[in-house]
Amino acid sequence: MLILLLLGVLFAYYLQRYIYEKYWDKNLQLQVSFSDAYVYEGESSSLREEIANDKKLPLPAVEVRLAVSRDLAFFGEASANTNVTDLSYKRDVFSFLFHQKVIHTLPFVCLKRGLYQISKAEMIGYDLFFRTQRYLSAAQQTQLYVYPAQISTDRIRLLCQAVSGMVLVQNRLYPDPFEFSGIREYRRDPMHHINWKASAKGSSLMVNQFDSTTSIHTTILLDVDDPYILHSEALTEESIRIASSLAARLVRQNMELRLISNAVLEACTVVWQGKPGAAKIHELNRMLACIDTRQKVAPVSELLQEEASEKHSGQIYVLISKNQDSVGMNLLRALSVGNEILWVIPVRPGEALLHSDAPGIHLMRWEVETP
């Protein structure tokens with residue numbers, strides 16, 4: 001009797017082993033997706049795991065394994081069963097009855113700007129006796145853009161005010177006869193500006209008032225070169241944040257601008273043309289999110305020389321560069337002919353500036369707290 005019982009147990013064991021080996025992954029589906037298309041650096045998002053066992057065979061244990069960047073830091077209950085080394089390795093175990101679906105949400109905080117992608121996940125299945133492991137690789141296609149953090153309102157407002165002041169200096173108020181803006185009293189204005197009809201109704205001469213034309217264009221020059229042995233990643237990242245925040249603010253003020261950088265994306269330098277509209281800012285932030293500051297890029301001096309060779313005039317240039325050694329005043333003077341330049345210099349606390357203001361060239365010290 002005991003022998004029959006043992007034979008029965010062995011038969012049941014090998015039968016279930018055969019069944020699970022053949023059918024455990026049938027109609028077993030895993031879909032991993034980010035809950036947002038984009039967020040800003042420092043904000044939270046979540047990862048959604050959807051696992052479905054669409055068959056009549058129960059699964060006592062299915063382990064889901066994911067590898068994501070360590071710059072997406074899981075928190076709360078999601079931080080359990082997570083091993084952080086070069087990546088964050090996430091492991092969660094689920095059990096399924098017949099035709100059952102489980103949705104698991106994993107919140108995380110975005111520590112760093114970037115484009116984060118998940119191309120595959122793994123599932124490990126166990127039989128009823130937890131004696132045999134079976135592996136299944138599930139291809140995934142999900143991504144999350146983490147945009148550069150936006151500079152605080154008060155600080156970026158000072159930068160925008162500096163740009164606006166330079167626009168007023170550069171644009172010397174030539175009236176546009178096609179842009180009528182109102183009527184005011186006569187103050188030694190040209191005779192052809194007098195509004196005789198309005199003057200006849202009152203006791204004094206009235207003149208037409210016109211808006212000013214402006215052909216001022218703003219160009220942001222973003223330098224991400226980090227040529228020294230001791231890298232200044234914090235200053236480079238702050239430069240990218242300044243560029244993103246300034247561009248967003250100026251576009252909201254209906255200004256047209258360009259952004260040119262020595263950063264390289266897909267073997268091409270970054271060039272962006274911005275017009276009013278939220279879509280253009282998303283386009284810029286996607287580009288900035290994808291910049292890899294570890295790549296070797298051309299020095300900022302080449303960027304300045306190339307722009308000076310174009311001989312633009314009536315431009316406002318905002319240079320964002322921490323590399324004071326690489327930016328010679330002779331280069332800036334050549335670029336400032338017919339233009340105005342604002343050089344924003346990210347520096348560590350207590351670090352001195354190597355240059356000072358010059359005609360048409362204005363310097364702004366931007367102190368950055370570094371780790």
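Miscellaneous remarks
- Where strands (runs of 3 or more DSSP E) fall entirely within segment 149-235, those with at least 2 residues that are within 30 Å of Val297 (Cα to Cα) and modelled with pLDDT of 70 or more are at 217-222.
- Subset tally (residues that are more than 30 Å from Asn285 (Cβ to Cβ) and without any contact (Cβ under 8 Å) to a residue 60 or more places away in the chain) for segment 93-134: 12
- Of all residues making up segment 1-24, the number that are touching a residue at least 24 places away in the same chain (Cβ under 8 Å) and either aliphatic (A, V, I, L, M) or closer than 30 Å to Glu238 by Cα (or both): 1
- Candidates Gln16, Gln100, filtered to the one that is at pLDDT 90 or above and either under 21 Å from Gly125 (Cβ atoms) or over 42 Å from the mean Cα position of the chain (by Cα) (or both): Gln100
- Residues that are at pLDDT 90 or above, under 24 Å from Asp36 (Cβ atoms) and either more than 29 Å from the chain's Cα centre (by Cα) or assigned by TED's automatic domain parsing to the domain that holds Val39 (or both) occur in segment 125-138; there is at least one.
- Exactly one residue among Asn27, Asn53 is assigned by TED's automatic domain parsing to the domain that holds Gln140, more than 30 Å from Ala149 (Cβ to Cβ), touching a residue at least 24 places away in the same chain (Cβ under 8 Å) and surrounded by 14 or more Cβ atoms within 10 Å (Cβ to Cβ), and that residue is Asn53.
- Check on Lys55, within 35 Å of the chain's Cα centre (by Cα) and assigned to a loop (DSSP other than H, G, I, E, B): no
- The single residue among Val39, Val93, Val32 that is in a strand (DSSP E or B), farther than 30 Å from Ser245 by Cβ and modelled with pLDDT of 95 or more turns out to be Val32.
The values are calculated or read from the model by the stated rules, or taken from the named source; none is laboratory data. Only a predicted model underlies this, so the values are computations on that prediction, with no experimental measurement involved. In this analysis, Cβ positions are derived from the backbone assuming ideal geometry, glycine residues included, and neighbour counts consider all displayed protein chains.
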